Amino acid sequence: MRVVEASDIETSIADALQAVSHTHPADFVRALKAAHAEETQAPARNALLQLLINSKLSARARRPVCQDTGVAHVYIRMGMDVRIRHDGPGPTPSLQALANRAVARAYGCAENPLRASMILDPLGARRNTRDNTPAILQVELVEGDALALTVVAKGGGGDVKTRYAMLNPSDSVADWVVSQLPGMGAGWCPPGVLGLGVGGTPEQAVAMAKHALFREIDMPALLRRGASTPEERLRIEVYQRVNALGIGAQGLGGATTVLDVKVAAAPSHAALLPVALVPNCAATRFVSFDMPGAGPARFPPPDPAIWEGIPDALPAQEGKRVDLDTLTQTEVAGWAAGDTLLLSGKLLTGRDAAHKRMADLLAQGKPLPVPLRGRALYYVGPVDPVPGEAVGPAGPTTATRMDKFMPQLLAETGLLVTIGKAERGAVATKAIKTHGAAYLSAVGGAAYLVAQTVQSARVVAFADLGMEAIYEFEVRDMPVTVAVDARGKTTYTVFPLAPAPSA
């Protein structure tokens with residue numbers, strides 16, 4: 001019988017969440033470097049460079065690589081001969097209780113506070129739990145006395161693109177997967193890894209797809225030696241066909257949309273072929289470890305050599321310098337899709353909850369707490385700052401979630417510019433064109449790098465919403481791309497754009 005202290009499990013999970021918040025796995029960094037070296041399309045190459053610089057700076061500063069510091073997943077593989085001992089008051093806590101305590105510790109760490117994204121009452125008030133609990137726990141009981149854990153911070157941008165289908169047994173899994181990619185858009189921040197779960201039951205397929213993501217990237221080795229199983233053949237086929245779509249980094253076109261494809265399979269009913277697809281984004285954060293014989297697990301920093309050759313900052317960028325404090329509709333009309341801009345001045349922030357409140361106020365004929373006329377609005381929920389920072393990591397969130405609010409905001413407030421990540425849908429694009437506005441895209445997954453351009457930050461409305469409050473940032477040379485210009489032209493041509501409803 002092996003005895004493990006409950007406090008050591010809690011500490012190990014908390015320390016793992018802190019470590020993965022600011023440090024990419026070494027295999028992921030190597031894969032990004034290889035993709036950057038091979039990329040020939042300038043926009044995608046620049047996006048990959050931003051991701052690499054962000055990775056290096058985040059690890060050095062021990063600050064999150066992405067403002068979405070994720071939902072905490074804890075996978076435990078526990079031998080039947082393991083006993084958990086608790087020396088404190090009360091009964092031995094459950095594994096769920098230990099995981100929840102660890103998450104609260106990790107996300108409330110004063111030296112590196114992490115953004116709390118979990119909400120209660122999904123059908124009600126949707127109140128933030130403020131400490132990112134509860135953890136998502138999966139436990140597998142096995143023979144022996146081993147205790148192995150995988151601790152993951154899984155961003156919402158990847159999970160929101162999850163796909164599931166019940167195929168016929170004779171259908172092609174690869175055909176179905178490839179058909180899903182264009183419709184997924186770029187909100188999952190490619191390049192990343194695709195996890196596929198095939199077989200089992202519906203809920204098993206989705207769980208397998210997610211868990212498959214937390215394996216080492218080994219596609220280059222697989223391509224060299226060739227496939228020897230049906231799963232490996234599927235991996236190679238999907239990898240090659242998805243990259244041939246030309247979606248590329250951040251959806252900007254280019255050679256690399258996926259760095260690897262992972263497949264997990266399970267027995268299923270003869271009449272069924274459940275298939276699930278879960279992507280991992282550019283903020284890939286996980287660590288697997290065995291609990292040591294005594295004490296908590298340790299997570300030493302990686303060898304800095306993995307970032308060798310990556311600069312400490314973006315090279316001096318060419319682009320149009322834009323003063324947000326004197327912005328006019330005439331100036332916006334002069335931008336063209338694909339232009340690089342460097343933004344300086346004051347911009348506002350706002351995402352889902354703030355948009356809903358603003359829409360409700362407008363519907364009631366009430367004034368907004370902050371005038372939007374002639375302003376730029378950045379879709380972001382930042383991490384709390386530490387001493388020396390104006391704001392914590394503050395990368396863009398997916399713009400399409402705010403699409404339904406665009407016609408009203410542009411028509412009734414005079415809002416001129418929005419900033420987010422990935423493509424916009426038909427409703428937003430039509431509104432942008434109608435009102436002569438513009439949508440600018442920033443690189444998703446480069447949150448620490450973006451935050452370096454923020455000189456000051458203050459909450460100006462809806463403070464009770466936490467990270468979803470409206471802030472005013474003052475930025476200097478924030479790099480963005482004109483993704484939808486005032487004429488409605490977009491750079492995201494690889495994604496289907498359904499017609500907008502007629503007026």
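The values are calculated or read from the model by the stated rules, or taken from the named source; none is laboratory data. Every value quoted in this text rests on a predicted model; they were computed, and no experiment measured them. As a convention, Cβ positions derive from the backbone with ideal geometry for all residues, glycine included, and neighbour counts pool all protein chains shown. Keep in mind that these areas ignore ligands, DNA and RNA; they rest on the heavy atoms of the full protein, side chains included. Shrake-Rupley method; radii C 1.70, N 1.55, O 1.52, S 1.80 Å.
Listing for the model above:
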{"quantity": "Residues located in segment 466-478, provided they are at negative phi and surrounded by fewer than 21 Cβ atoms within 10 Å (Cβ to Cβ)", "calculated": "469, 472, 474, 476"}
{"quantity": "Tally of residues being surrounded by fewer than 20 Cβ atoms within 10 Å (Cβ to Cβ) and among the acidic types (Asp, Glu) across segment 405-424", "calculated": "1"}
{"quantity": "Qualifying residue in segment 129-151 (condition: free of Cβ contacts under 8 Å to residues at least 12 places away in the same chain, more than 26 Å from residue 302 (Cα to Cα), β-branched (Val, Ile, Thr) and not assigned by the TED database to the domain that holds residue 257)", "calculated": "no"}
{"quantity": "Condition met for residue 463 (farther than 24 Å from residue 185 by Cα, in contact (Cβ under 8 Å) with a residue 12 or more places away in the chain and open to solvent by 20 Å² or more (accessible area, probe 1.4 Å))", "calculated": "no"}
{"quantity": "Of residues in segment 305-330 being modelled with pLDDT under 95 and not charged (D, E, K, R), the one farthest from residue 65 (Cα to Cα)", "calculated": "319"}
{"quantity": "Identity of the residue in segment 93-126, touching a strand residue (DSSP E or B) at 6+ places or on another chain (Cβ under 6 Å) and open to solvent by 40 Å² or more (accessible area, probe 1.4 Å), that ends up nearest to residue 385 (Cα to Cα)", "calculated": "119"}
{"quantity": "Matching residues, segment 90-115, being under 22 Å from residue 61 (Cα atoms) and either at pLDDT below 95 or of a type outside the set (Gly, Ala, Ser) (or both)", "calculated": "103, 105, 107, 109, 111, 112, 113, 114, 115"}
{"quantity": "Residues of segment 180-207 classified as within 15 Å of residue 261 (Cβ to Cβ) and not hydrophobic (A, V, I, L, M, F, W, C), total", "calculated": "6"}
{"quantity": "Flag if residue 368 is of a type outside the set (Phe, Trp, Tyr), touching a Pro at 6+ places or on another chain (Cβ under 9 Å), closer than 22 Å to residue 461 by Cβ and open to solvent by 20 Å² or more (accessible area, probe 1.4 Å)", "calculated": "no"}
{"quantity": "Qualifying residue in segment 22-44 (condition: more than 26 Å from residue 259 (Cβ to Cβ) and surrounded by fewer than 22 Cβ atoms within 10 Å (Cβ to Cβ))", "calculated": "no"}
{"quantity": "Matching residues, segment 238-255, being part of a loop (DSSP other than H, G, I, E, B) and either free of Cβ contacts under 8 Å to residues at least 40 places away in the same chain or open to solvent by 50 Å² or more (accessible area, probe 1.4 Å) (or both)", "calculated": "244, 245, 255"}
{"quantity": "Matching helices (runs of 4 or more DSSP H) fully within segment 156-237 where at least 3 residues are in contact with a Ser or Thr (Cβ under 6 Å, 6 or more places away or on another chain) and either open to solvent by less than 50 Å² (accessible area, probe 1.4 Å) or at pLDDT 95 or above (or both)", "calculated": "none"}
{"quantity": "So residue 451, is it under 19 Å from the mean Cα position of the chain (by Cα) and either open to solvent by 20 Å² or more (accessible area, probe 1.4 Å) or assigned by the TED database to the domain that holds residue 385 (or both)", "calculated": "yes"}
{"quantity": "Residue within segment 342-349 that is under 27 Å from the mean Cα position of the chain (by Cα) and open to solvent by 20 Å² or more (accessible area, probe 1.4 Å) present", "calculated": "yes"}
{"quantity": "Pick from segment 318-366, criterion part of a loop (DSSP other than H, G, I, E, B) and charged (D, E, K, R), ranking: farthest from residue 408 (Cα to Cα)", "calculated": "318"}
{"quantity": "Close pairs (8 angstrom Cβ cut-off, 6 or more residues apart or separate chains): touching a residue at least 12 places away in the same chain (Cβ under 8 Å) in segment 425-452, crowded, with 24+ Cβ neighbours inside 10 Å and among the basic types (Lys, Arg) anywhere", "calculated": "432/424; 439/424; 441/421; 442/421; 443/421; 444/421"}
{"quantity": "Residue ranges of helices (runs of 4 or more DSSP H) in segment 380-462 with at least 1 members closer than 19 Å to residue 332 by Cα and charged (D, E, K, R)", "calculated": "406-413, 426-435"}
{"quantity": "Test result for residue 322, open to solvent by less than 30 Å² (accessible area, probe 1.4 Å) and without any contact (Cβ under 8 Å) to a residue 60 or more places away in the chain", "calculated": "yes"}
{"quantity": "Segment 125-139 - residue that is among the polar types (S, T, N, Q) and assigned to a loop (DSSP other than H, G, I, E, B) and, of those, nearest to residue 101 (Cα to Cα)", "calculated": "133"}
{"quantity": "Every residue from segment 271-286 that is open to solvent by 10 Å² or more (accessible area, probe 1.4 Å) and over 24 Å from residue 148 (Cβ atoms)", "calculated": "271, 272, 273, 281"}
